[in-house]
Amino acid sequence: MRVCCLAKVTGKVQGVYFRASTQEQAIDLAISGYVKNLSDGSVEVLACGDRDNVDKLTAWLETGSEYSQVENVEVKEVEWQDFNHFSIV
């Protein structure tokens, strides 16, 4: 089953290779969507794909990149959106 999930990741997640690492994980899992920095210091991730793979990515977000310090991840399922790839915005 295909799903889209929108996640907001807070903590030390900007300037620590978080977006690029998220993109690498998403590509490995055949997930489309995007990752972007938000003005409040958090990161937003929209992940669309097979439910199992989206779940794997959202679980990975709990730890994040090597130098990140994730404090919280809020995930909600949203309406399906078509993307051709996973991009850094």
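The values are calculated or read from the model by the stated rules, or taken from the named source; none is laboratory data. Quick caveat, the model's predicted, so the values are computed rather than measured. All Cβ positions, glycine included, derive from the backbone under ideal geometry; neighbour counts span all protein chains shown. These area figures cover heavy atoms from the full protein model, side chains too; ligands, DNA and RNA do not enter into them. Shrake-Rupley method; radii C 1.70, N 1.55, O 1.52, S 1.80 Å.
Counting only residues that are charged (D, E, K, R) and touching a Leu at 6+ places or on another chain (Cβ under 9 Å), how many does region 1-27 have? Lay out the reasoning, then the answer.
Just the residues of region 1-27 that are charged (D, E, K, R), to begin with: 2, 8, 12, 19, 24.
Checking the rest, the ones that are also touching a Leu at 6+ places or on another chain (Cβ under 9 Å) come to 8.
Matching residues across region 1-27 total 1.
Residue by residue through region 37-89, note down the ones that are touching a Gly at 6+ places or on another chain (Cβ under 6 Å), under 16 Å from Lys8 (Cα atoms) and not β-branched (Val, Ile, Thr).
Leu46, Ala47, Cys48, Gln69, Glu71
Suppose we keep only residues that are in a loop (DSSP other than H, G, I, E, B) and in contact with a strand residue (DSSP E or B) (Cβ under 7 Å, 6 or more places away or on another chain) within region 68-85. Which one would you say is least open to solvent (accessible area, probe 1.4 Å)?
My answer is Ser68.
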